[in-house]
Amino acid sequence: MINLIGCLTADLILAQVKDRPDFGEEHMVDDMIIRPGALANTIFPLAQLGVKQNVISSLGKDEFGEKIYQELQPLIVDSITRTDIPTALSVSVVNHVGSRYFVTYGGNLFDFTKEIVEKAPGFEKARATMFYGYFLIPNFGVEAAADCLRRARSCGQITFFDANSAIDGWSEKSRQEIISLLPYIDYFMPNDEELLFLTGLDSIEESIKFLMANGAKQVVVKRGSKGASLYRDDEALHHEGYPTTAYDTTGAGDSFNAGFIYKLLNGGSFSDSLACGNALASIVVSRKENRYPEIQEIEERIKV
């Protein structure tokens, strides 16, 4: 079993948008999707791969929250707290080449506090803990995050951490909070843009040296269409990824996380885990519906 800790949202996806409107303008789109988002983008592929998940999160008691809860509940060990504040809603606008931006109503994300994790049953029984979306739960706090990661490691668990982008534009405070957590994280999993913003440096290589000097153990860098890389000690591994035609890149990095974690926890090498993460993500982004593949399809993509 793995603990998945972090935020859940309702996602409104507007895909294949040709141009971004200015204020005062209105553009029409051909497709619209509403589905569970944020941590759900990791829950669904892991469930398809048969991974038992203790999901420690929160949802509002509104219509969005109830729909998401009913969809997730059969797939997980349920440690989801229901709150009276409406469920967070994230609008994702994706253009025809996969670039995107988000506008998010925070809602119940501001209700996500350390008590939600502290009272969750079964935490100690997991093999690993994934902490997701640190910057989207602003009232959780760096001390609570550190306590959570320390608790996981005291239970002999592997810790994974994906902070997402800082909503304050990577202030010095946000940067220092993440850097202070590095000693408690076994696998730090930013994308390439987040990595450079976090360190304030000009290259991935310089940034990795900086993180290692500040306590990082393994850093997994998601690089979009260029694949993904893993850095540890003096070792660097790169997997170039798989060509795909992207329909909707929302959740691409989260799907990569699922594939990487699945393979690693099942005894895969670092190279195999990078390949599994890239293969899973390449399938997910190419689909409008039925996005999440079974292991046989992932293995076929890797063979190709």
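Per-structure values
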item	result
Whole-Å semi-axes of region 24-82's equivalent ellipsoid (Cα gyration tensor)	27, 15, 9
Heavy-atom SASA rank of Y292, Y101 (probe 1.4 Å, accessible area, largest first)	Y101, Y292
Which label in (i) 45, 41, 41; (ii) 50, 44, 42; (iii) 52, 42, 39 gives the computed Cα extents along the principal axes in Å	(ii)
Antiparallel %, DSSP beta bridges [both residues in the chain], to 5	40 percent
Amide H contacts of G241 (H built 1.01 Å from N, under 5 Å, at least 5 apart or other chain)	A228
Contact order normalised by residue count of region 122-179, Cα under 8 Å, 6+ apart, percent	46 percent
Gyration tensor (alpha-carbon) shape descriptor, region 196-271, a/c threshold 1.5	oblate
Accessible surface of region 120-163 [probe 1.4 Å, protein heavy atoms]: carbon and sulfur percent	51 percent
Antiparallel DSSP beta bridges within region 160-304, percent to nearest 5	65 percent
Helical mean residue ellipticity (222 nm; -39500 (n - 2.57) per DSSP H run of 4+; nearest 500) of the chain	-10000 deg cm²/dmol
Percentage relative contact order, the chain, counting C-alpha pairs under 8 Å, at least six apart	16 percent
Formal net charge of residues neighbouring T129 (Cβ-Cβ distance under 15 Å; K, R +1; D, E -1)	+3
Charge sum, other residues only, whose C-beta stays under 15 Å from N108's C-beta, Lys/Arg counted +1 and Asp/Glu -1	-4
Hz values of 3J(HN,Hα) by residue in region 288-295 - Karplus curve (6.51, -1.76, 1.60), Gly and Pro given as x	8, 10, 6, 6, 9, x, 7, 4
Length-normalised contact order for region 117-235 - Cα pairs under 8 Å, 6+ apart - percent	21 percent
For N191, residues with placed amide H under 5 Å, excluding near neighbours	K222
Probe 1.4 Å, accessible area per residue of region 189-234, Å²	49 Å²
Residue-wise HN-Hα coupling along region 105-117, computed from phi with Karplus coefficients 6.51, -1.76, 1.60 (Hz; x: Gly, Pro)	8, x, x, 5, 4, 6, 8, 7, 10, 4, 5, 4, 6
Amide H contacts of T81 (H built 1.01 Å from N, under 5 Å, at least 5 apart or other chain)	S57, S58, L59
Share antiparallel - DSSP beta bridges, region 1-71, percent rounded to 5	60 percent
Sites excluded, GluC sites (Glu not before Pro) in DSSP loops with at most 14 other C-beta within 10 Å, longest stretch of the chain	27-239
Charge context of C7, other residues only, Cβ under 12 angstrom, K/R +1, D/E -1	-4
Backbone HN-Hα couplings from phi across region 213-223 [Karplus 6.51/-1.76/1.60, Hz, Gly and Pro as x]	5, 10, x, 5, 9, 10, 10, 10, 9, 8, 10
Choice from Q70, Q48, Q176 showing the highest fluctuation, given a GNM over the chain with Cα pairs closer than 10 Å	Q70
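The values are calculated or read from the model by the stated rules, or taken from the named source; none is laboratory data. This is a predicted model, so every value here is computed, not measured. Neighbour counts run over all protein chains shown; Cβ positions are idealised from the backbone, glycine included. Please note that ligands, DNA and RNA were not included when accessible areas were found on the heavy atoms of the full protein model with its side chains. Shrake-Rupley method; radii C 1.70, N 1.55, O 1.52, S 1.80 Å.
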